[in-house]
Amino acid sequence: MTIQIPSSDQGIKPSPTASLADLADYRLDYSLWDPSNPSSTEETRRRFVNSLRSAATLGLGFFYLSNTPLEGDRRRHLFSRTRAFFQETSLEDKLSIEMARSRHFRGYTAVGDEMTLGRKDERDQIDFGYDLDTYLDRRRAAVGREESGQKQEWEEEEESLISEWRSDPELEKLSFLNLVGPNQYPSEEGHPNLVGFKDSVRDWSTTCEELVVQLTKALEEALGVESGRLVRTLKGEDDQDQVGDRVGGESELDPSRTAIKRLGPLPFCRMKVIRYPPISDPTTTNNNSNNNDSDQGVGPHKDSGWITLLATSDVAGLEVQDFKGNWIDVPHIDGEMVVNFGQQIEYQTRGLVQAACHRVVRRQDSKSRTRYSIPYFSFPALNAKLRPLSEKELKPLLDLWSETEEEGNHQREDRHREGIIVSDVPKGDLYADADDHFGWVAWKGLVRSHPKVVENFYRAIG
Ligand SMILES: O=C(O)CCC(=O)C(=O)O
Ligand SMILES: [Fe+2]
């Protein structure tokens, strides 16, 4: 595959005082790529790929995306239910779906219960994950296609699926399978403004999932790697085990590996609805939040996953760090999504695409206003093997760079020379061993972040 060389007017360096919204290179238009848009053509797709390549490999890995299916009613619907949940339900209602009650790390976390870099984050939130119903629907559909007449059996299996996994001694060893499970949704009864929340979350999540697949396909083109190479990791359809089979035969594989293979792809994602109370707002203080004047909405971090799709309300606070350590404002733009790369993409691309370091600051100037945000974090599938792209696979990109003008080369050096890696994740916990399942990385991350869940369900293994 040949890679298009970015045009020289694609200056991508933000000045320290700039707002990301003012920089054309950080404003990508999804309609150029969108396969469902009748006016997208090969030429518009190429333009999208070129912009994505610049944003990913020269820029900060943080950009706006307009014209996605996440605009309009779909977005309004979810935000209005999110506001209703935070504003109209009691703390008692909220705590009835507390994450500490879920062995699958789903549910509500109160203000001050979460830390980044050793400081409490002043926000509360509900964490959702890959919806169990969606997962079962897809498995049923897959079986229905292959062996019609089995649907009934699958429905019966629905109830016992997880306990069945636990009774398989090989699968039981794979603690990360506990990450598959149901979400905790707030009760919509008695809260007319909450009605439709569950459906809205499921719809949003499924729409995001498809959008991430599309962005990953575009990224494959942008990096000049084989089509499907990254999508397979994302979806858990990697062919590594087949390679293993050819080399050593299945009998030589670890038996737990053979057992997990039988389960098929195990997609994984996390999604949150978040509220950042305004600074010094006594009504949202609870016992956990001993520092209501703290300006930390969420401390500096890189997202640990693949690609994050973030929808924000119109209160300021999000900032991204450039490679010199300056913080750049990422203001809300109506209807647009903020997209950023996570550490698994950084790992897969050997750092050529860097995960963006970002934070949310509670500003004095937005004193009386509550900020809401809805991030969707995609991850490799739990059963994916993380095989970083080889030098050979990255050669087209490296060749392109060696041909590109001086300016581009300076920019690339800048990204590494002064880059400050801010992460509260122990390095060894971030990446699975080359031949291990991604599920272990996801598991370690959640175990580290949610001690109450570990205390309640996993004392023996935590
Ligand atoms: O709320 C936001 O705008 C960003 C949240 C975020 O970065 C995160 O939860 O990882
Ligand atoms: Fe983040």
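Worth pointing out:
- The 3J(HN,Hα) values that the Karplus relation (6.51, -1.76, 1.60; θ = phi - 60°) gives for region 86-94 are, in residue order, 6, 8, 10, 10, 6, 4, 4, 4, 4 Hz. Gly and Pro appear as x.
- Each of the peptides 369-376, 328-335, 169-176, 353-360 was scored by the mean count of other Cβ atoms within 10 Å over its residues; in descending order, highest first, they stand as 353-360, 369-376, 328-335, 169-176.
- Translational diffusion of region 89-131, µm² s⁻¹ [Kirkwood Rh, Cα pairs; Stokes-Einstein; 37 °C; 0.692 mPa s]: 299
- With N as its number of residues, region 62-147 has a Cα radius of gyration that, divided by 2.2 N^0.38 Å, comes to 1.46.
- Pairs from Lys94/Lys324; Lys120/Lys385; Lys272/Lys444; Lys217/Lys452 whose Cα-Cα separation, in the structure shown, is over 30 Å: Lys94/Lys324; Lys120/Lys385; Lys217/Lys452
- Highest-first packing order for the peptide set 219-229, 68-78 is 219-229, 68-78, based on the mean count of other beta carbon atoms within 10 Å.
Just so you know, all these numbers are worked out from the coordinates, no wet-lab data involved. On a predicted model such as this, the values are computed, not experimentally measured, just so you know. Note that each Cβ is placed from the backbone with ideal geometry, even for glycine, and that neighbours are counted across all protein chains shown.
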